[in-house]
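The values are calculated or read from the model by the stated rules, or taken from the named source; none is laboratory data. Predicted model, so just to flag it, every value in this text is computed and none were measured. A quick note on method: Cβ atoms are made from the backbone with ideal geometry, for glycine too, and the neighbour counts reach across all protein chains shown.
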There are 2 protein chains.
Amino acid sequence: MAEGRALNLLEERIMAEGELLPGEVLRVDRFLNHGLDVEVLDWMAGAFVERFAAARPDLVLTIEASGIAIAVLTAQKLGVPALFAKKRERKAGDLLPEDCYHGEVFSYTKQKSYKISVRKCLLPAGAKVLIVDDFLARGYALEALIDLVHSAQAEVVGIGIAIEKGFQEGGQKIREQGYPLCSLAIVDSLEPEIRLRV
Amino acid sequence: MAEGRALNLLEERIMAEGELLPGEVLRVDRFLNHGLDVEVLDWMAGAFVERFAAARPDLVLTIEASGIAIAVLTAQKLGVPALFAKKRERKAGDLLPEDCYHGEVFSYTKQKSYKISVRKCLLPAGAKVLIVDDFLARGYALEALIDLVHSAQAEVVGIGIAIEKGFQEGGQKIREQGYPLCSLAIVDSLEPEIRLRV
C-alpha cells in the first residue's frame, strides 16, 4: 500500500491486524479498542503530544469506552487530567442531572441516537481542551464533544484521531470549521481491501 | 480517619474528593471513573506492578469503561497488552459471535443483568492474567471476569482493585477462593461518612 513514505506504527498495525467487516467497518479490536497494545497506544499519545503540546492543553477529553486508553496516555505525557464523556442510550423520561453538560450523538452504525454527558465541574470555563478519539468517520461523536466544550465556554485547542475514514465526510467538515485536526492514519478505501493515504 | 498509618495517595483522594450518594454509593468521578487524575492512576498502576510483577502476568484484563485507564497504565509498566471485556445489556434474540467468551454480570445497582464478552483470540489458553478494576463490592463483575479467564483455560495470577467496599461480601468471597487480591483502599463504612480501613 505504501507509495510515498514509510508507514507509521499505527498504519503498520492496521495493515497487519485490521479486519474488514461488511458495511465498511474496519475492525481494529486486536490492538486499539478491545485488546490494547500499549506500544502502539504510547506511540499515538506521543504523536498527539508532539503535535499539540505547544497549544498547552489543560485537559484531554474523549468519549467512553474506546477513547479512554488513548486519552489517559496522552494526558499522562502532558501532565494534565483526562475526562471521558459518558454515554447512555436515550430513554423516554430519562432524568439527567443538572450538574452536567449534555450532548446527543447519532450513531450511523446503530441508526439511533445516544446521549453523552460530562460533569460541569470537570470541564471548567476557559479550559484549553485537546479532544482525542479512536475513529473519525461521519464526525457525529466528535461534533458532540466539541459542542460540550463550547457549552462549558472552554476552547478546543486540538483534535487527535487514531483512524480517520477519509472517504466519509467527518474529517473534511471538521477541517473546514478550522479545528486543528491530526489523524494518525487516514483510510481512503476499505473495498476491496484496506487502502491507506500515504 | 487515619489511626494506624499514613493514607496512600488513593485514600487521600477518596477522603478529599469522594462524594456520598444515597444507597451507599461512593462517587469518585472527579478523579477515577469520569475525570481521570493521571497522578493517582499512575500510582495505582505502580502499586499493582509492585504487588504482582513476580507472578509474571502476560495480560491485564478489565471491564469497560472505568477499568480501562487503570489497566492500560498497569499494562504499560508490565510491558504486556491489556484487554477490556465489552459490556452490553442482554436483549432477547441477542446473537453473540462464536469467536468470543461470554459472561453475565448481575448489576445490583441497576437490578438487572448484562452480558460481557472478550474475543477468544485475545485471551489465549495458558495466559497468566492480572485482573484490575475500579470497584469491588458484591463481586459479581469480578466473578464474571474470573469465569472468562477460566473459560479460556487461562490463569488468574492476581487481582488489583482500586476501592473495595469492605462492608459488602465481594472481597471476602474472592479471598476465600484463594485469589491473590490487592485492594488499594478498603472502605469500611459509608454512613454517616466515609470510613477507611487503616
How do the pairs read when you match residues in segment B:36-50 that are under 15 Å from A:ILE68 (Cβ atoms) with residues anywhere that are hydroxyl-bearing (Ser, Thr, Tyr) and at pLDDT 95 or above, using Cβ under 6 Å and keeping only pairs 6 or more apart or on different chains? B:ALA45/B:THR74
Tally time: how many residues in segment A:14-29 are facing another protein chain (nearest Cβ under 10 Å) and either surrounded by fewer than 16 Cβ atoms within 10 Å (Cβ to Cβ) or in contact with a Pro (Cβ under 9 Å, 6 or more places away or on another chain) (or both)? 1
Selection from segment B:148-167 of residues that are in a strand (DSSP E or B) and not β-branched (Val, Ile, Thr): B:GLU155, B:GLY158, B:GLY160, B:ALA162, B:GLU164, B:LYS165
Condition first: surrounded by fewer than 17 Cβ atoms within 10 Å (Cβ to Cβ), more than 14 Å from chain A (Cβ to nearest Cβ) and at pLDDT 95 or above. Now tell me which residues in segment B:105-135 satisfy that. B:ALA125, B:GLY126
Would you confirm whether or not segment A:44-52 contains a residue that is touching a helix residue (DSSP H, G or I) at 6+ places or on another chain (Cβ under 7 Å) and either within 11 Å of another protein chain (Cβ to nearest Cβ) or of a type in the set (Phe, Trp, Tyr) (or both)? yes
Kindly indicate whether A:ALA47 is within 15 Å of the chain's Cα centre (by Cα) and surrounded by fewer than 21 Cβ atoms within 10 Å (Cβ to Cβ). yes
Given the residues A:ASP188, A:ASP133, which is the only one that is in contact (Cβ under 8 Å) with a residue 60 or more places away in the chain and either in a strand (DSSP E or B) or farther than 20 Å from A:GLY67 by Cβ (or both)? A:ASP133
Going through segment B:136-147 in order, the residues found to be under 9 Å from the mean Cα position of the chain (by Cα) and either modelled with pLDDT under 95 or not in a helix (DSSP H, G or I) (or both) are B:LEU136
Scan segment B:52-73 for residues that are of a type in the set (S, T, N, Q) and under 19 Å from B:ARG119 (Cβ atoms) and jot them down. B:THR62
What do you reckon, is B:GLU64 over 14 Å from B:ILE163 (Cβ atoms), more than 11 Å from every other protein chain (Cβ to nearest Cβ), without any contact (Cβ under 8 Å) to a residue 40 or more places away in the chain and not aliphatic (A, V, I, L, M)? no
Going through A:LYS165, A:LYS112, A:LYS128 one at a time, which residue ends up being over 30 Å from B:ARG27 (Cα atoms) and either among the basic types (Lys, Arg) or under 13 Å from the mean Cα position of the chain (by Cα) (or both)? A:LYS165
